[in-house]
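Read-outs: derived from the displayed coordinates by stated rules, not from any lab. Please read these numbers as outputs of a predicted model, since none were measured by experiment. Cβ atoms come from the backbone with ideal geometry, glycine included; neighbour counts cover every protein chain shown.
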Amino acid sequence: MKKILIIDDNHQNRLLIKMILQKKGYTVIEAESGEKGLALAFEQNPDLIILDMMMPEVDGWEVMERLKENSKTENIPIIIFSALDDLESIEADGFIPKPVDVNRLIQTVSEVIG
C-alpha cells in the first residue's frame with residue numbers, strides 16, 4: 001500500500017484529501033506545518049508528498065528545497081497543492097489547484113505514483 005504525506009497548515013484541506021485518498025486505498029499521514037512535514041518525510045519515507053506552498057514559518061518552498069537537498073528524500077515525488085495559479089511551472093511532479101477537485105486529485109496522484 002502506497003504511503004502519502006500531506007503537508008498543509010489547513011486542517012480542513014488535510015482532512016478532505018486524507019478521506020479521498022484513504023477511500024482509494026492509500027495510507028495517509030499528515031503534518032500541519034512545514035517543520036513537522038520534514039520530520040515525517042525523513043522518518044516515514046512516504047511514496048508521495050502533497051505540499052501546500054503557503055504556510056507560516058517554514059513554507060512549501062523551503063520544505064521542497066530541504067527535501068531535494070537530502071539524499072533520503074530527494075527522489076520522493078511532490079505534488080504542489082496551492083491556490084496560486086503560477087505554480088504549474090515549478091519543479092514538482094504534479095500540481096493540484098485549491099480548492100481541491102476530487103477527480104483531479106485522484107488523477108494526479110494516480111499519474112505520479114499509480
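Calculated translational diffusion coefficient of the range 50-114 (25 °C, 0.890 mPa s; Stokes-Einstein with Kirkwood radius over alpha-carbon pairs) equals 200 µm²/s. The dipole here belongs to the chain: it is taken about the Cα centre, uses +1 on the Cβ of Lys and Arg and -1 on the Cβ of Asp and Glu, and is about 700 debye.
At a 10 Å Cβ-Cβ cut-off, how would you order 55, 19, 1, fewest neighbours first?
Values: 55 22, 19 11, 1 6.
Starting with the residue having the fewest Cβ neighbours, the order is 1, 19, 55.
Separation of the alpha carbons by more than 22 angstrom is noted, of 3/72; 23/68; 23/98; 18/72, for 23/68; 18/72. In a shell of Cβ-Cβ distance under 10 Å around residue 14, excluding residue 14 itself, what net charge do Lys and Arg (+1) and Asp and Glu (-1) give? In short, -4.
For the pair residue 2 and residue 58, label points projected 7 Å from Cα toward Cβ lie 2.5 nm apart.
Highest average first, the peptides 6-18, 102-114 ordered by how many other beta carbon atoms sit within 10 Å of their residues are 6-18, 102-114.
Over the alpha-carbon set of the range 1-56, divide Rg by the Kirkwood Rh and report the Rg/Rh ratio to two decimals. Computed over Cα atoms, the ratio is 0.94. Model label points for residue 68 and residue 42, set 7 angstrom from Cα along the Cα-to-Cβ axis, are 1.9 nm apart.
Given the options 73, 17, 60, identify the residue whose Cα lies farthest towards the positive end of the charge dipole of the range 1-79 (+1 on Cβ of Lys, Arg; -1 on Cβ of Asp, Glu). So the residue we want is 17. Across all C-alpha atoms in the chain, the radius of gyration and Dmax reach 12.4, 33 Å.
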